[in-house]
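> Could you have a look at this structure, given as structure tokens, before my questions?
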Amino acid sequence: MKNKYSDYAIIFDMDGVIADTNPYHSLAWKSFAEKYNFTINDEDLKNHVFGRTNKSIFDFLFGDSLSPEKISLLANEKEVLFRDIYKNNIKALPGLVELLISIKNNFFKIGMATSAPSENVSLIVDELRINKFFDVIVDPKDITRSKPDPEIYIKCSQLLSVIPERCLVFEDSLPGIEAAVSAGMKVIGITSTHSSDELKNTLITIDDFLQIDINKIKEILK
């Protein structure tokens with residue numbers, strides 16, 4: 001007999017949700033900035049970098065004169081820096097693994113919809129040994145439009161064969177929340193990047209996964 005929750009899905013962003021990567025992205029961006037003789041502060045990162053597209057980020061940093069090919073090269077250079085800094089510091093957000101086990105045991109489908117490149121996804125998912133929990137992982141290679149466009153969440157729900165109205169998303173960034181809401185999904189905000197007050201259009205906000213359980217998820221999706 002089919003379990004009723006198999007028609008529902010829980011979708012996770014990665015950076016700032018699966019793991020609190022932003023402090024290490026900050027270090028990578030500051031190292032990158034030093035090489036190219038400019039400065040970038042925490043407010044710049046929060047308002048113009050985290051959750052943004054590469055084009056938006058590099059337009060902010062260098063103006064809009066860079067070609068798509070140059071943006072791709074620079075973005076790859078920065079991500080290599082990030083992986084080198086982060087590879088020995090990978091930790092799941094508290095309570096993540098226990099919640100994934102509980103979600104899976106209750107027959108929900110589980111997806112990931114991330115703006116991070118595939119190499120970053122593999123690094124984190126493999127180190128945390130959580131690949132087995134995810135039915136679908138969607139990253140930039142699978143889409144043509146980045147968050148805040150809803151394409152990545154719509155694509156994830158389609159691959160999971162779950163309608164958007166039955167999807168619950170965990171997100172930390174403003175563009176990510178906008179994307180999920182525009183896709184017609186419910187959103188729980190994670191306060192790893194922005195304060196609770198800044199995370200508009202979320203049902204609730206949490207600091208980590210110790211503050212949510214499967215019963216609360218079922219209540220939200222009723």
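The values are calculated or read from the model by the stated rules, or taken from the named source; none is laboratory data. These figures come from a predicted structure and were not determined experimentally. For neighbour counting, all protein chains shown are included, and Cβ atoms are generated from backbone atoms with ideal geometry for every residue, glycine included.
> Quick one: is Leu210 surrounded by 14 or more Cβ atoms within 10 Å (Cβ to Cβ) and either at pLDDT below 95 or assigned to a helix (DSSP H, G or I) (or both)?
no
> Now for a different question. Have a look at Ile220, Ile110 and point out the one that is touching a helix residue (DSSP H, G or I) at 6+ places or on another chain (Cβ under 9 Å), in contact (Cβ under 8 Å) with a residue 40 or more places away in the chain and of a type in the set (A, V, I, L, M, F, W, C). Write out each step before concluding.
Details: Ile220 fails: touching a helix residue (DSSP H, G or I) at 6+ places or on another chain (Cβ under 9 Å).
Answer to the selection: Ile110.
> Quickly run through the range 159-180 and pick out the residues that are touching a helix residue (DSSP H, G or I) at 6+ places or on another chain (Cβ under 9 Å) and within 16 Å of Ala9 (Cα to Cα).
Leu159, Ser161, Val162, Ile163, Pro164, Arg166, Cys167, Leu168, Val169, Phe170, Glu171, Ala180 - these are the residues of the range 159-180 that are touching a helix residue (DSSP H, G or I) at 6+ places or on another chain (Cβ under 9 Å) and within 16 Å of Ala9 (Cα to Cα).
> Let me ask something else about it. Can you confirm whether Phe58 is modelled with pLDDT of 95 or more, in a helix (DSSP H, G or I), among the aromatic types (Phe, Trp, Tyr) and outside the structural domain of Phe209 (by TED's automatic domain parsing)? Spell out the reasoning first.
Details: modelled with pLDDT of 95 or more: no; in a helix (DSSP H, G or I): yes; among the aromatic types (Phe, Trp, Tyr): yes; outside the structural domain of Phe209 (by TED's automatic domain parsing): yes.
So Phe58 does not fit the description; no.
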